[in-house]
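So that we are looking at the same thing, I have put the structure below in structure tokens.
The values are calculated or read from the model by the stated rules, or taken from the named source; none is laboratory data. All values reported here derive from a predicted model rather than from experimental measurement. Methodologically, a virtual Cβ is constructed for each residue, glycine included, from the backbone with ideal geometry; neighbour enumeration extends over all protein chains shown. The accessibility values were calculated without ligands, DNA or RNA, using every heavy atom of the protein model including side chains. Shrake-Rupley method; radii C 1.70, N 1.55, O 1.52, S 1.80 Å.
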Amino acid sequence: MSSGRAVKRRIQLLDDDPAQQTFRMVKYEDELDLLAVVDITQTEDEGQAHLHLHDNKTGLLMKRVPLKEPWDVTYSHEVYFDRDTIIHTVQEKNNSFCCHVSKMSFGLTMSTFHISVCDD
């Protein structure tokens, strides 16, 4: 190498194989002390995204939430979350934007209310 250090062995740690899971986003929520990870599993035409919420201190998976809308890696995405609300914004074709809001309710089973708003 140019710094004078010798590379003894190269290890490929991240392999961006579309047929496998690809990590797209990692965020920290300080009020809840959670680490959020979005991963994408590519299918034939589009990706399916999942939001994983991990305890920040232990790293244990607390919840795995599938995002209903497809995830096209061609366009810009942002995911925000707070307590029981997940907001996913997408910049799509022709610079149009969509906002998908999911609200989780907890009773005997977890249910999700989902609404999408897109400008055309």
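Working only within the stretch 67-81, note down all residues that are at pLDDT below 85 and assigned to a strand (DSSP E or B).
Residues of the stretch 67-81 at pLDDT below 85: 67-75, 81.
Scanning the stretch 67-81 gives Trp71, Phe81.
Cβ contacts < 6 Å: first residue among the hydroxyl-bearing types (Ser, Thr, Tyr), restricted to the stretch 17-45; second residue surrounded by 11 or more Cβ atoms within 10 Å (Cβ to Cβ) and at pLDDT 75 or above, any location; separation 6+ or different chain. Result?
Hits for this filter: Thr22/Ile40; Tyr28/Leu35; Thr41/Gln48.
How many residues are farther than 20 Å from Cys99 by Cβ and among the hydrophobic types (A, V, I, L, M, F, W, C) when one looks only at the stretch 47-85?
Applying the first criterion (farther than 20 Å from Cys99 by Cβ) to the stretch 47-85 yields 52-64.
Now narrow it down to the ones that are among the hydrophobic types (A, V, I, L, M, F, W, C): 53, 60-62.
Adding up the residues that qualify gives 4.
If we keep just the residues of the stretch 93-120 that are part of a loop (DSSP other than H, G, I, E, B) and either of a type in the set (A, V, I, L, M, F, W, C) or at pLDDT 80 or above (or both), which is farthest from the chain's Cα centre (by Cα)?
Residue satisfying both the conditions and the ranking: Leu108.
Give the stretch 76-107 a look and list any residue that's among the aromatic types (Phe, Trp, Tyr) and open to solvent by 70 Å² or more (accessible area, probe 1.4 Å), or say none.
Correct list: Tyr80, Phe97, Phe106.
So which residues in the stretch 46-62 are in contact (Cβ under 8 Å) with a residue 12 or more places away in the chain and surrounded by 11 or more Cβ atoms within 10 Å (Cβ to Cβ), if there are any at all?
Glu46, Gly47, Gln48, Ala49, His50, Leu51, His52, Leu53, His54, Asp55, Asn56, Met62
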